[in-house]
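First the structure, in the form of structure tokens, and then the observations on it.
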Amino acid sequence: MRVWIDADACPRLARDQVVKFALKRQFEVWMVAGQPVARPSYGFVKLIVVPSGPDAADDYLVEHAEPGDLVICSDVPLADRLVKKAVAALDPRGREFDEKNMGERLAVRNLFTDLREQGQVGGGQGAYGDKDKQAFANSLDRILTRLRREG
């Protein structure tokens with residue numbers, strides 16, 4: 001089992017949580033980014049810097065992640081592609097993407113994209129706080145346990 005991180009958009013606190021879990025549970029962490037990002041200096045943490053371009057990191061993740069792996073990402077269309085490939089996906093705020101919620105998550109994402117383009121709402125999520133960090137850690141623990149059991 002590998003845990004992949006879409007490192008361009010993942011908060012550092014969430015990346016650090018994944019590394020802590022990897023130390024305890026002995027799995028590889030692959031960070032994929034369109035530009036160099038800080039990488040913890042453990043041998044089990046790898047950094048892949050993909051050529052710059054729209055969706056280059058997303059395409060790399062979809063191509064290389066396999067069923068039984070977990071991808072940490074905030075990008076809903078990327079999560080949809082991963083779920084269709086039977087790869088587990090979790091956002092840094094602890095919300096799992098799955099077949100049951102993908103339709104709704106895509107619809108909400110598209111709605112907010114349209115509203116932002118029309119100038120009716122601002123962009124982005126709020127600051128990443130302790131509540132988000134705890135929700136992420138809880139979901140990460142649950143999903144890793146499930147993947148180990150299934151693997």
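Just so you know, all these numbers are worked out from the coordinates, no wet-lab data involved. These numbers were taken from a predicted model, which means no experiment stands behind them. With ideal geometry, Cβ positions are generated from the backbone for all residues, glycine too; neighbour counts draw on all protein chains shown.
Numbers at a glance
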| read-out | value |
| --- | --- |
| Of all residues making up the stretch 17-45, the number that are out of contact with any Lys or Arg (no Cβ under 8 Å at 6 or more places or on another chain), among the charged types (D, E, K, R) and in contact (Cβ under 8 Å) with a residue 12 or more places away in the chain | 0 |
| Residue in the stretch 70-89 that is assigned to a loop (DSSP other than H, G, I, E, B), small (Gly, Ala, Ser) and farther than 25 Å from Asp130 by Cα present | yes |
| Entirely in the stretch 1-63, the strands (runs of 3 or more DSSP E) that have 1 or more residues that are within 15 Å of Leu144 (Cα to Cα) and hydrophobic (A, V, I, L, M, F, W, C) | 2-6, 28-33 |
| Identity of the residue in the stretch 26-36, surrounded by 14 or more Cβ atoms within 10 Å (Cβ to Cβ) and not small (Gly, Ala, Ser), that ends up farthest from Ala7 (Cα to Cα) | Phe27 |
| Residue check, Leu70 surrounded by 18 or more Cβ atoms within 10 Å (Cβ to Cβ) and either touching a Pro at 6+ places or on another chain (Cβ under 6 Å) or under 18 Å from Glu28 (Cα atoms) (or both) | yes |
